[in-house]
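This report concerns only the one structure given below.
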């Protein structure tokens, strides 16, 4: 897989493309972006709306719909998500998908659909190149083309305290 970047989003594709000189310059610019604040678990980051809207541009799974809230997820909201997420993962082990909370990094953004406030969770397999020394996953929203069960997203309804609309980048 290769890391390709747009102006504000990282895209990984399963192609054997060599990065261009322009892409290398964009990657260097991305490395200058500040690291996003870590969540209580240290496995996730919270993005403000201007960056989180990139999660709506998925190429291998259903994209979240609605508009991105100008108010980023609060610490309390993320604590609720991260308390419930390990249980959701454990109860949704399908086929040979044997995952745990610790096998992923998480990127969060606040989404509003109708009158519902949702937290979008963008999950990235920690062992699939995300554990890089530059920690790009903490700097920019990451969109992966292909990648199967290693990359997925889900919405958390803040009021109902439940997950909905899980979508994987391939069959699990």
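Overview of values
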{"item": "By average C-beta atoms within 10 angstrom, highest first, the peptides 159-167, 73-81, 59-67", "result": "73-81, 59-67, 159-167"}
{"item": "Principal axis dimensions, largest first and in whole angstrom, of the range 35-169 by Cα", "result": "37, 33, 29"}
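Quick note: the coordinates plus some simple rules give every number you see, no bench work behind them. As the structure is a computational prediction, the values presented were derived from the model and not from experiment. Ideal geometry is used to build each Cβ from the backbone, glycine not excepted, and the neighbour counts take in all protein chains shown.
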